[in-house]
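Here's the structure, in structure tokens; my notes come after.
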Amino acid sequence: MDDRKILHRIGFGLVLTLSLLVGCSAPAAPKPQPTPTATATLTPTPAPWSLVAVGDSLLFNWKDYCPGCINAVVRYAHSITEATGHPVDLRNLSQANGLQTDGLLEELQTDVQRREALANADIIVVSIGANDSPFNRDDDPCDGDSSGTIDWSKFNPTCAATAAEIFRPKLESVFAQIVALRAGKSTIFRTITPYNDWLGGIDSANGNVTPPEATNPTRAVYDAWSAMICKAAQANGFTCADTYHAFNGPDGLKPIAGDLTISKMNGHPSDKGSEVIAGALANLGYAPLVP
């Protein structure tokens, strides 16, 4: 308020003069009090979920062969965060060394790093079995020891189903041991099936294009092998992402080499293929971590 408004009009000049002489001043106007504001409530950021991938090279990040590609499990981790708002820490322990199921079983017993990572993981993705199919073995009931040359005429649905059933206990042991490492803790357990990259592909060992007579034999093997992996997974606490049919179509006959794979000679997932794998995993949802 202005000093002039608080002085008496009578004797205004005298009062003002005396005020200046003795250093007096009119009372200061009260300071305005701050208006109370609402206090913001900060929501604490949740601790990240741990995502661990183990197994063969289908989930490996092939930087040398696929520069600029985004790996399937990296994409999957992003999809989890986008869908749930929950941060994810990723450890990709998959291996590009031709890992077979026997090798992973040994690691689950002796590899301290993998055992600890899996024991502390909220989300686990396993890819195993692709390197164990009858095409990669000399003890299969189809063409047996073929000295590296595949006899397509000996592959059929019967021998393919037999080979898969012979192998199923090993896959079941992989899944059961990983579940046991979590000791009943709430966990997302996922696996993927291998896909048929023979169709339209070129055999890197000899440079030969896959012949037409391989179409039905390869479909018979992948039909049986993928079904077996899913059965073994589901019987032991895992949920199976059917990447075989996501890649090769409902009838298993869609050629994918050079499209969903890095090239016609390299059957590992391309950037587009990794996106398909991540999508198949994401489509399974995020239970039990998210209802």
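The values are calculated or read from the model by the stated rules, or taken from the named source; none is laboratory data. Please read these numbers as outputs of a predicted model, since none were measured by experiment. Because the Cβ atoms are built from the backbone with ideal geometry, glycine has one as well, and the counts that use them run over all protein chains shown. What goes into the accessible areas is simple: the full protein's heavy atoms, side chains included, and nothing from ligands, DNA or RNA. Shrake-Rupley method; radii C 1.70, N 1.55, O 1.52, S 1.80 Å.
Structure notes:
- Flag if Ala130 is farther than 26 Å from Ser226 by Cβ, open to solvent by less than 30 Å² (accessible area, probe 1.4 Å) and more than 13 Å from the chain's Cα centre (by Cα): no
- Across region 111-128, the number of residues qualifying as of a type in the set (Asp, Glu), part of a loop (DSSP other than H, G, I, E, B) and out of contact with any Leu (no Cβ under 7 Å at 6 or more places or on another chain) comes to 1.
- Selection count where residues are touching a strand residue (DSSP E or B) at 6+ places or on another chain (Cβ under 8 Å), farther than 19 Å from Phe135 by Cβ and either open to solvent by 20 Å² or more (accessible area, probe 1.4 Å) or assigned to a helix (DSSP H, G or I) (or both), scope region 224-241: 5
- Residue within region 87-99 that is surrounded by 20 or more Cβ atoms within 10 Å (Cβ to Cβ), in contact with a strand residue (DSSP E or B) (Cβ under 6 Å, 6 or more places away or on another chain), outside any loop (DSSP other than H, G, I, E, B) and among the β-branched types (Val, Ile, Thr) present: no
- Count of region 179-218 residues, restricted to those that are of a type in the set (S, T, N, Q) and either within 22 Å of the chain's Cα centre (by Cα) or on the phi > 0 side of the Ramachandran plot (or both), is 5.
- Counting only residues that are open to solvent by 10 Å² or more (accessible area, probe 1.4 Å) and of a type in the set (Val, Ile, Thr), region 255-280 holds 2 of them.
- Some residue of region 105-113 being open to solvent by 30 Å² or more (accessible area, probe 1.4 Å), farther than 29 Å from Trp152 by Cβ and under 15 Å from the mean Cα position of the chain (by Cα): no
- Selection of region 214-270 for residues being among the charged types (D, E, K, R) and within 12 Å of Thr193 (Cβ to Cβ) yields Asp223, Lys231, Asp242.
- Residue under evaluation Gly252, criteria (1) open to solvent by less than 10 Å² (accessible area, probe 1.4 Å); (2) closer than 26 Å to Lys63 by Cα, criterion not met: (2)
- Taking the listed residues Phe189, Phe167, the one that is open to solvent by less than 60 Å² (accessible area, probe 1.4 Å), part of a helix (DSSP H, G or I) and among the aromatic types (Phe, Trp, Tyr) is Phe167, with no other qualifying.
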